[in-house]
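Structure, as C-alpha cells:
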Amino acid sequence: MIGSSLCRRLVDAGTRVVALVRDSDPASELIRSGTINRLTVVEGSLQSYDDVERAVLDSEVDTIFHLGAQTIVGTALRAPLPTLTVNILGTSHVLEVARRHPDLVRRAVVASSDKAYGTQAQLPYTEDTPLEGRHPYEVSKTAADLITQGYHATYGLPAAIARCGNVYGPGDLNFSRIVPGAIRSLIAKEPLVIRSDGTFLRDYIYVDDVVDAYLLLAEAITSGGAAGEAFNFSTGHPLTVLQMYEAVVDAMDAERIEPIVANTARAEIRDQYLDSSKACQKLGWEPRFGLRDALRLTADWYRALFGR
C-alpha cells in the first residue's frame, strides 16, 4: 500500500523509480493504477543479497526507500521464522548494499514501526523511548531499527528511520486490519469481527501523510542533518478499535451493523501511540488529511475494487 503510493508520487514528479517486487498481485494498487508500467521492475526477494544488489547496481540507484517487510502481526505469531528472516536479514541486505556502494547510494529511509517500542508504561512514545519489542513482529522491527542505527554509527551510513502507527488508505488488501475490514463488512452488510476486545488504543495515519513523511525525511538526510536519526509520525489523535469502526461507519454514511467482538487477540500490544513533535519541528511535517476525509477517500477505493 505505502510502496504503491510512494512510487506513484515519485514518478508523477518525474523521478525514475526501481521497484524490487517479490510477488505480482493483480489486485494490488501498483498494478490496478498502472503505476507499475511506469517503473523499472526487478523481480526478487529481500532475503537474497544478490537480488537487492542487482536492483541498486543495474539502475544506479541513489535513494533507497526500504518498505519491504512481513507486516502482519498475526502472520508473525504463526510463522515467526519467515518474519524474522525478511524483516531482519532483509534490512541487513539493504543496508549492506548501501554501505558497499557509497558512490551510488546517497540516502536510505528505513520504515520502522511503533511496534519497535514494545509495551511501555509511559505513553506517547517519543524517539527516546527504549526499543523493547517482545513478540515476533515487534522483535523484528526492534532489531531492524537497531541494525539501521548500528550501520550509521559504525560506517556513517546516510540512513534515517521512520516510525509510524497503523497506516490505512487505498490499496491495503490485508482485510484483517480494522479499516479495510470494516469497509468490506459495511459494503457487504455483514458484521465485522474484531480480534481484540475493541478497546485497544492505536495511532491511525493516512497513507499519503506517510508518503509526505518519507519524502521529507529523505531530503533531510542529505540537507537537514537527519542521518542516523529516527522520527515518529502521528496525527496525535489515537483511537480505540471500536472508535475507528464508528468513524468508518460515519465516513461511509453506512447502516451501522453491530460488530462481533471476538476478544481472541494474542501477543499484541494493548495501547500505543506516538509523539511526532520532533518531525514537526525538525522536518516541518504535519498530517494533511483529517480522519473523515481520509476514510471517505479510502472507502471510495474499496467500492471501486468491489464494483459497488
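The values are calculated or read from the model by the stated rules, or taken from the named source; none is laboratory data. Note that the structure is a prediction, hence the values are computed from the model and not measured. All Cβ positions, even for glycine, are placed from backbone atoms using ideal geometry, and neighbour counts span all protein chains on display.
Sort through VAL211, VAL249 and tell me the only one that's over 23 Å from ALA111 (Cβ atoms), surrounded by 17 or more Cβ atoms within 10 Å (Cβ to Cβ) and in contact with a Lys or Arg (Cβ under 6 Å, 6 or more places away or on another chain). First the steps, then the outcome.
Working: VAL211 fails: over 23 Å from ALA111 (Cβ atoms).
That would be VAL249, the only listed residue that is over 23 Å from ALA111 (Cβ atoms), surrounded by 17 or more Cβ atoms within 10 Å (Cβ to Cβ) and in contact with a Lys or Arg (Cβ under 6 Å, 6 or more places away or on another chain).
Please state which of the following conditions ASP271 fails to meet, knowing it meets all the rest: (1) farther than 20 Å from GLY198 by Cα; (2) of a type outside the set (A, V, I, L, M); (3) surrounded by fewer than 17 Cβ atoms within 10 Å (Cβ to Cβ).
Status for ASP271: all satisfied but (1).
So, of the residues in segment 250-282 that are in a loop (DSSP other than H, G, I, E, B) and free of Cβ contacts under 8 Å to residues at least 24 places away in the same chain, which turns out to be farthest from VAL207 (Cα to Cα)?
Residue satisfying both the conditions and the ranking: ARG256.
I'm trying to understand the selection: among the residues of segment 26-55, which are exposed (fewer than 12 other Cβ atoms within 10 Å of the Cβ) and either at pLDDT below 95 or touching a Pro at 6+ places or on another chain (Cβ under 7 Å) (or both)?
Of all residues in segment 26-55, those exposed (fewer than 12 other Cβ atoms within 10 Å of the Cβ) come to 26-27, 34, 37, 50.
Matches in segment 26-55: PRO26, ALA27.
Looking only at segment 125-132, decide whether some residue is among the polar types (S, T, N, Q) and over 27 Å from PRO287 (Cβ atoms).
No, segment 125-132 has no match at all.
If I filter segment 157-177 down to residues being over 22 Å from ASP275 (Cα atoms) and in contact (Cβ under 8 Å) with a residue 40 or more places away in the chain, which single residue comes out as nearest to the chain's Cα centre (by Cα)?
ASP172
Which condition number in (1) among the charged types (D, E, K, R); (2) touching a helix residue (DSSP H, G or I) at 6+ places or on another chain (Cβ under 8 Å); (3) free of Cβ contacts under 8 Å to residues at least 60 places away in the same chain; (4) closer than 21 Å to LEU6 by Cα is the one that GLU132 fails?
(4)
Might you let me know whether segment 283-292 holds any residue that is surrounded by 15 or more Cβ atoms within 10 Å (Cβ to Cβ), of a type outside the set (Val, Ile, Thr) and part of a helix (DSSP H, G or I)?
For segment 283-292, residues surrounded by 15 or more Cβ atoms within 10 Å (Cβ to Cβ), of a type outside the set (Val, Ile, Thr) and part of a helix (DSSP H, G or I): present.
Output the qualifying pairs, or none if there are none: Cβ atoms under 6 angstrom, residues six or more apart or on different chains, first residue in segment 74-96 and farther than 28 Å from THR63 by Cβ, second residue crowded, with 16+ Cβ neighbours inside 10 Å and of a type in the set (Ser, Thr, Tyr).
So the pair list comes out as ALA76/THR83; ALA76/TYR137.
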